[in-house]
Amino acid sequence: MKKFINILSATILIVLLNSCTSAGVIPSEKVANLLQSGEFTFMAQKANPTNYDVVNVMNSLPTSSSSRMLELDYGYTIQLKKSDLAVELPYFGRMYNPSYDTSKNSYRFTSKDFSLSEQPGKKGSTVYTIITKDQPNIRRIIMEVFKNGKSYVSIDSNDRATISYDGYIMENIASKK
């Protein structure tokens, strides 16, 4: 009887964990349509700072885990359109030229002059490299989009340490004007 209860509880645990991991996956046909149109929004779910000073400070907080990943609230995005690129992402890391204006310490900008290159990645993913020409501190943005809609973004800057984000892509939301 004890063996039966152990097997039953293990089965229930596996089913629950499996149902949690598949949440947020969109059909591959919709992902292909979004990538083909060239207009989509990256929604960030986690930030991964690479600077170990930031990681050590995060680990010293009493309620933190020993992970480098930071869970983000809903609404931090990169919106890619044919004519412009809008970035609204938080930044956690070392800044070499910080500003007293706190609105300039995160990634919040709109670029109308940028180049976009697309190439196939590993395991069927698509890798976008975005180089902004009107943002002097941003070197490049690398976005890798997988078949299930999950995405990985890395931002290289001239004035701060590299940071990456995990999230997913979705359709652009029409602006209300």
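The values are calculated or read from the model by the stated rules, or taken from the named source; none is laboratory data. Here the structure is a predicted model, which means the values were calculated and not measured. Cβ: placed from backbone, ideal geometry, glycine included. Neighbour counts: every protein chain shown. Surface areas here come from the heavy atoms of the whole protein model, side chains and all, with no ligands, DNA or RNA. Shrake-Rupley method; radii C 1.70, N 1.55, O 1.52, S 1.80 Å.
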TODO: Any residue in the stretch 74-93 that's without any contact (Cβ under 8 Å) to a residue 24 or more places away in the chain: show its pairings with residues that are in a loop (DSSP other than H, G, I, E, B) at Cβ separation under 7 Å, as long as the two are six or more apart or on different chains.
DONE: Glu88/Tyr76
TODO: Evaluate the following for Tyr107: is it open to solvent by less than 60 Å² (accessible area, probe 1.4 Å), within 19 Å of the chain's Cα centre (by Cα) and at pLDDT 80 or above?
DONE: yes
TODO: Output the residues belonging to the stretch 119-150 that are under 19 Å from Lys82 (Cβ atoms) and in contact (Cβ under 8 Å) with a residue 60 or more places away in the chain.
DONE: Thr126, Ile141, Met143, Val145
Open item on the list: Here's a check for you: in the stretch 114-152, which residue that is farther than 19 Å from Phe40 by Cβ and of a type outside the set (Asp, Glu) is most open to solvent (accessible area, probe 1.4 Å)?
Closed with: Lys123
TODO: Output the residues belonging to the stretch 1-53 that are among the aromatic types (Phe, Trp, Tyr) and at pLDDT 75 or above.
DONE: Phe40, Phe42
Open item on the list: Can you pull out every residue in the stretch 68-91 that is of a type outside the set (Lys, Arg), part of a loop (DSSP other than H, G, I, E, B) and open to solvent by 70 Å² or more (accessible area, probe 1.4 Å)?
Closed with: Met69, Asp73, Tyr74, Ser83
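Val153 - would you say it is farther than 19 Å from Glu71 by Cα and either hydrophobic (A, V, I, L, M, F, W, C) or within 19 Å of the chain's Cα centre (by Cα) (or both)?
Answer is no for this residue.
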